[in-house]
């Protein structure tokens, strides 16, 4: 796909809303002969905050790649007082996957990875169970098992975070990982840990949502991917989807049907994240077009 | 539609599950030359309870209509210890609608009623506001306004229940009615009051669910129709549906989009109820095919 | 809703894509103190065409309303060679509805009209049947019946177009109107006639799509709203939606379930049109956010 | 899952509709102490044909497993003139997968196979390309490459059919296999070859449906799994689903989004087939509950 061949840059921006922002920022690009490939903006009218994502071709762009950061900062970001991030699509992000015993999300991630659907490097799988080690080995990815007990949990996290550093990990996927990360861990990777929860949040947070859904007699079940924050299942939602169910479906049926939802919803969230299409503000997620 | 021309009978049954129930009940019908039009059954394996709905043609049926009740009771229901209900499709149920100020659900109900989509008689609209009186008059349906205050609420309910009796009302629709009915009222019409709630329950029960949904940053919003029980928004769910939303949608957008969901979900629930396709067990709803 | 109180202007633009378009157009607005309320753009990369919609507050805008057209033309549209349309939200568009015998779409339109959901004036209903005259009268809207035969069809259209002129109609809704309009008629109202077709086009164009869907054994049925062109059911699609069906559903069931789809899909298309969010290019529709 | 532990039998039946069928068939089971686990029936009112699926526990069933076939034939099937199939859940069906170059459906199938989600044996993958051989090897499944030319196609099919026999294959999945099977081949495996087509049929049959969908400007895209018949993309549909798209989506986006649909829709169809829940009649598919 030619999406991946692009040598382009992406800016994610937010700042207090005021007149002329779009004009000023796009003028910066056109003045330096930048060809805009994708642009989207949003104004949160409640908080009066402006959000923007712009992707442009670096071919023919008059500012050398190594100077863009500085130049944008001096000419635009500082005067306008922007919060901003700059990405180059040539840089391939590094991702770690945390799993427990359920394989479906990991399978889906590895399938996409293996077929080159995503521009990402998966160099590390961490688990508190050994069940998925053979699957990791099938795809020749480093697998690290941590036996987790209340006593060794803190110590294990230190080792995990060391591993993440060693592998140069940019972001983490919790692919049905059944452990809660410490506040410390989470805050080190703010908006860089994506979890999949097997319900349409805020309904049925916590453990055994399919059992709760069955008991409540709902006619739809869902899955939610979100950035992890220190409060369990309360982080900003990236993607959600649901399917219809009925009285015939046992808890086992909900679990089975839910698996397909979970893996697709998680993979869509990873896609958005990889495309640098997400911004978090006030515990809500802007997912640009 | 020929559905409405049928001179047929419907049995709704439940009982402890055991072998031979389908055979025994269907044999009763075929032995008396009954032609089964629709049949569906379900076994709740957790509680070991058997549920069945069967509709058959009364043309050619050997038991006279006036004797079916007695005969089924003696031959089948008593020996098998069934809980059961018998309906004749020629009897048109009478429905009351409770509303407050939002017109969309009432509009949708009256449109279907006016075009003969439902086999029902709507003879009464009750409201705690006068806003929808002109709409009721447009369709020439009795409209009763009750100014509700904490002081006169109990008294108002007595009058409302008197009105329901006077009009021979079989079941009640709360079409965005913004008052909570007393436990007494609800228990008089068990599984005969249908409410529409503007969220996918159990998420966002109570007041202002669209505001809560916006604040939580969900990517889907929903609507839920359920039988009313004494606990607010906790009754057995009949129908649910959702639509996707994103960060661009303001609370006003959610309200606007939600209206279409609410009216369709409520009308689907009314349809199931009118078709005698619903049974409630352990706060869950069986909706037969 | 405050959407309707806005005193604002909307520009719809398209032109060959080139660098700096967003900057130039947004600069025009910010230079004259225009506060952008909504902005969206799109580049058709295949045809290298740029599309844009921008809505801004007229309060505080330095160019008087009566001069915007001229000023934009001179400063921007002419130099950049734009195709463009300018709308003021204070102007309420006038809509005519063509119907035959099915009432559900008309009911839905009148319900929204009656409750003030849309900023539109419905001043005319035209039909080739008398069935819906009582409904039009219920809402006190002019109803004109045309008995259509192969012989008088051309003559009837002349009279209809005369009526449309007399009522100052801006756009037309075919709400399950079962007649084909002449090429002449259609070309007078290019991108201003919206039809609802009861299938997910391009499947099942023409007559009796539910019968065809049943026969083909599809597991989803759909509805499609589109701008009318001279080729039957081939016009640019504005909105589509589907629902799941199964082998149990008779043709009558498909018709019944389809009605809800049709009315919602048509009303969504009308909403987009009223918001000036649609542009047609190469028989495809851009529906701005 | 305990579904797989069941030692049970499944009957699929169809015959001209008449009174007493349900009673007679269920009586046969209850008379021999059979505990019904699942039962569903359907009447095609147009053709007056009765369809039934019943699954019962073999524990405690009075007829020995080896005699059920004969006994049912003598006592029920012959007198009632039924078309019928009998399955025992202990028998694990054998499946072959045909692929070309797209890996996503094969990946999804192998993931489910590998994690024990399906009760099936995949012993053979056949392809007209070598691209997916490494994937087959990763999961240690026999992979057979056939270089297909117009000249050797007939010969190749003979070899393929020989392989299928040798492996005792019960049914075949075309997981984005880009070759058309001969009529002979297809008729040998009637209702036992499942294809996935990347559109909502009957729209966009044949080659390049995403390109056609883009060009037509549809707002939904879909995927369809169906039993293969001698007419291309005309076989009875088992499962369909769609997702919403808009003008922003390029053909590449449709292809990317479509992949997720295709794999899920195909896997759902395989699930129904494995559960013996499908019956084909008049080019339509009954999918039992």
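For region C:228-248, does any single residue satisfy the condition of being outside any loop (DSSP other than H, G, I, E, B), surrounded by fewer than 19 Cβ atoms within 10 Å (Cβ to Cβ), in contact (Cβ under 8 Å) with a residue 24 or more places away in the chain and more than 11 Å from chain D (Cβ to nearest Cβ)?
no
Among the candidates D:202, D:209, which residue alone is closer than 29 Å to residue C:226 by Cα, out of contact with any helix residue (DSSP H, G or I) (no Cβ under 8 Å at 6 or more places or on another chain) and within 14 Å of chain C (Cβ to nearest Cβ)?
D:209
Go through region B:204-216 residue by residue and tally those that are in a loop (DSSP other than H, G, I, E, B) and surrounded by fewer than 24 Cβ atoms within 10 Å (Cβ to Cβ).
Looking only at that region, the number is 4.
Name the residue, out of D:251, D:255, D:265, that is more than 9 Å from chain C (Cβ to nearest Cβ), in contact with a helix residue (DSSP H, G or I) (Cβ under 7 Å, 6 or more places away or on another chain) and modelled with pLDDT of 95 or more. Let's see the steps before the verdict.
Numbers: D:251 fails: more than 9 Å from chain C (Cβ to nearest Cβ); D:265 fails: in contact with a helix residue (DSSP H, G or I) (Cβ under 7 Å, 6 or more places away or on another chain).
Exactly one residue qualifies, and that residue is D:255.
When region C:180-220 is examined, which residues are found to be in contact (Cβ under 8 Å) with a residue 60 or more places away in the chain and within 17 Å of residue C:245 (Cβ to Cβ)?
Within region C:180-220, just C:198 meets the criteria.
Please work out which one of (1) within 12 Å of another protein chain (Cβ to nearest Cβ); (2) surrounded by fewer than 17 Cβ atoms within 10 Å (Cβ to Cβ); (3) under 16 Å from the mean Cα position of the chain (by Cα) is the condition residue C:134 fails and give its number.
(3)
Kindly check whether there is at least one residue in region A:86-93 that is under 29 Å from residue D:133 (Cα atoms), in contact with a helix residue (DSSP H, G or I) (Cβ under 9 Å, 6 or more places away or on another chain) and surrounded by 17 or more Cβ atoms within 10 Å (Cβ to Cβ).
Checked region A:86-93: at least one residue is under 29 Å from residue D:133 (Cα atoms), in contact with a helix residue (DSSP H, G or I) (Cβ under 9 Å, 6 or more places away or on another chain) and surrounded by 17 or more Cβ atoms within 10 Å (Cβ to Cβ).
Here is a check on your reading of the model: is residue D:223 within 13 Å of chain C (Cβ to nearest Cβ), part of a helix (DSSP H, G or I), at negative phi and touching a residue at least 24 places away in the same chain (Cβ under 8 Å)?
So residue D:223 fails the test.
Report yes if residue B:158 is at pLDDT 95 or above and touching a strand residue (DSSP E or B) at 6+ places or on another chain (Cβ under 7 Å), otherwise no.
no
Out of all the residues in region D:256-267, which are surrounded by 19 or more Cβ atoms within 10 Å (Cβ to Cβ) and either farther than 30 Å from residue D:53 by Cα or not assigned by TED's automatic domain parsing to the domain that holds residue D:117 (or both)?
Listed by number, the residues that qualify are D:258, D:259, D:260.
Please work out which one of (1) within 14 Å of another protein chain (Cβ to nearest Cβ); (2) in contact with a strand residue (DSSP E or B) (Cβ under 8 Å, 6 or more places away or on another chain); (3) within 25 Å of residue D:135 (Cα to Cα) is the condition residue D:163 fails and give its number.
Status for residue D:163: all satisfied but (1).
Against the condition farther than 19 Å from residue D:266 by Cβ and touching a strand residue (DSSP E or B) at 6+ places or on another chain (Cβ under 6 Å), how does residue D:217 come out, does it pass?
yes
Conditions first: (1) assigned to a loop (DSSP other than H, G, I, E, B); (2) within 8 Å of another protein chain (Cβ to nearest Cβ). Residue A:260 passes all but one, so which condition is the exception?
(1)
Looking for something within 30 Å of residue D:287 (Cβ to Cβ) and free of Cβ contacts under 8 Å to residues at least 12 places away in the same chain - is there at least one such residue anywhere in region D:137-156?
no
Among the residues of region D:7-19, is there at least one that is modelled with pLDDT under 95 and more than 14 Å from every other protein chain (Cβ to nearest Cβ)?
Yes, there is a match, as at least one residue in region D:7-19 is modelled with pLDDT under 95 and more than 14 Å from every other protein chain (Cβ to nearest Cβ).
In region B:48-71, how many are under 26 Å from residue B:284 (Cβ atoms) and surrounded by 11 or more Cβ atoms within 10 Å (Cβ to Cβ)? Please lay out each step first, then the result.
Step one: of region B:48-71, the residues under 26 Å from residue B:284 (Cβ atoms) are B:48-55.
Now narrow it down to the ones that are surrounded by 11 or more Cβ atoms within 10 Å (Cβ to Cβ): B:49-55.
Of the residues in that region, 7 qualify.
For region C:30-79, name all the residues that are within 12 Å of chain A (Cβ to nearest Cβ), at pLDDT 95 or above and over 30 Å from residue D:246 (Cα atoms).
C:31, C:32, C:33, C:61, C:62
When the residues of region C:268-289 are filtered to those that are surrounded by 22 or more Cβ atoms within 10 Å (Cβ to Cβ) and assigned to a helix (DSSP H, G or I), which remaining residue is nearest to the other protein chains (Cβ to nearest Cβ)?
Filtering first and then ranking leaves C:269.
Output the number of the condition that residue C:77 fails; it satisfies all remaining conditions of (1) outside any helix (DSSP H, G or I); (2) out of contact with any helix residue (DSSP H, G or I) (no Cβ under 8 Å at 6 or more places or on another chain).
If we test residue C:77 against (1) outside any helix (DSSP H, G or I); (2) out of contact with any helix residue (DSSP H, G or I) (no Cβ under 8 Å at 6 or more places or on another chain), just (1) comes out false.
Go over the candidates B:130, B:62, B:153 one by one and state the one that is within 30 Å of residue B:39 (Cβ to Cβ) and out of contact with any helix residue (DSSP H, G or I) (no Cβ under 7 Å at 6 or more places or on another chain). Full working, then the answer.
Working: B:130 fails: within 30 Å of residue B:39 (Cβ to Cβ); B:153 fails: within 30 Å of residue B:39 (Cβ to Cβ).
Result of the check over B:130, B:62, B:153: B:62.
Just to be sure before I move on: is residue C:119 within 21 Å of residue C:235 (Cβ to Cβ) and surrounded by fewer than 17 Cβ atoms within 10 Å (Cβ to Cβ) in the structure I sent?
No.
Consider residue C:278 against the criteria (1) under 14 Å from the mean Cα position of the chain (by Cα); (2) under 23 Å from residue C:136 (Cα atoms): it satisfies all of them except one. Which criterion is unmet?
For residue C:278, the failing item is (2).
Examine region D:65-86 for a residue that is closer than 24 Å to residue B:45 by Cβ and over 20 Å from the mean Cα position of the chain (by Cα), and state whether such a residue exists.
yes
The values are calculated or read from the model by the stated rules, or taken from the named source; none is laboratory data. Everything numeric here is computed off the predicted structure, so don't read it as measured data. Positions of Cβ are generated from backbone atoms using ideal geometry, with glycine treated the same way; all protein chains shown enter the neighbour counts.
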